[in-house]
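Student: Quick one: the structure is below, and I'll ask about it shortly.
Each value in this text was obtained by applying a stated rule to the coordinates, not by laboratory testing. Treat the numbers as computed from the prediction; the structure is a model and nothing was measured. Every residue, glycine among them, receives a Cβ derived from its backbone with ideal geometry; neighbour counts consider all protein chains shown.
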C-alpha cells in the first residue's frame, strides 16, 4: 500500500493545481468522477497489482478522483492526509 500512498501524495497536489488554474473542476469533471466508483469496483485491483493495460488507466482515474474530491466541501482524507481545496471565486 505504501507505493500507492506515495504516488497519491506526490501527484494529487499537482492535479489540484491544474484544476485551480482553470477555476476548479467543472460540472462535467464532477459527473465524470461519479463514474469512477464502478471502474474501481470492477478493476481496482490494478492499483495494487500491476495489470497490463489497466494499472496506468486506473492510476489516472484514482488521482483525478481524489483531486476532484478535494474540491467538495469538507474535502477528502486519503492515507491519513487531508486534501481540501476551495474553488477560487
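Student: At what distance in nm do the modelled label points of residue 9 and residue 37 sit from each other, each positioned 7 Å from its Cα along Cα→Cβ?
Tutor: Using points 7 Å along Cα→Cβ, the separation is 2.8 nm.
Student: Still on this model: At 1.567 mPa s and 4 °C, plugging the Kirkwood radius over alpha-carbon pairs of the chain into Stokes-Einstein gives what diffusion coefficient in µm²/s?
Tutor: Stokes-Einstein gives a translational diffusion coefficient of 96 µm²/s.
Student: How high is the relative contact order of the chain, given as a whole-number percent (alpha carbon pairs under 8 Å, six or more residues apart)?
Tutor: With pairs under 8 Å counted, the relative contact order is 34 percent.
Student: Let me ask you something else. What's the center-to-center distance, using Cα atoms, between region 37-89 and region 10-27 in Å?
Tutor: 13
Student: Also: Can you give the FRET efficiency for residue 48 and residue 82, using 1/(1 + (r/R0)^6), R0 = 25 Å, r = Cβ-Cβ distance, to the nearest 0.05?
Tutor: It comes out at approximately 0.65.
Student: Further question on the same structure: Could you work out [θ]222 nm for the chain from helices alone, using -39500 (n - 2.57) per DSSP H run of at least four and dividing by all its residues? Round to the nearest 500 deg cm²/dmol.
Tutor: -18000 deg cm²/dmol
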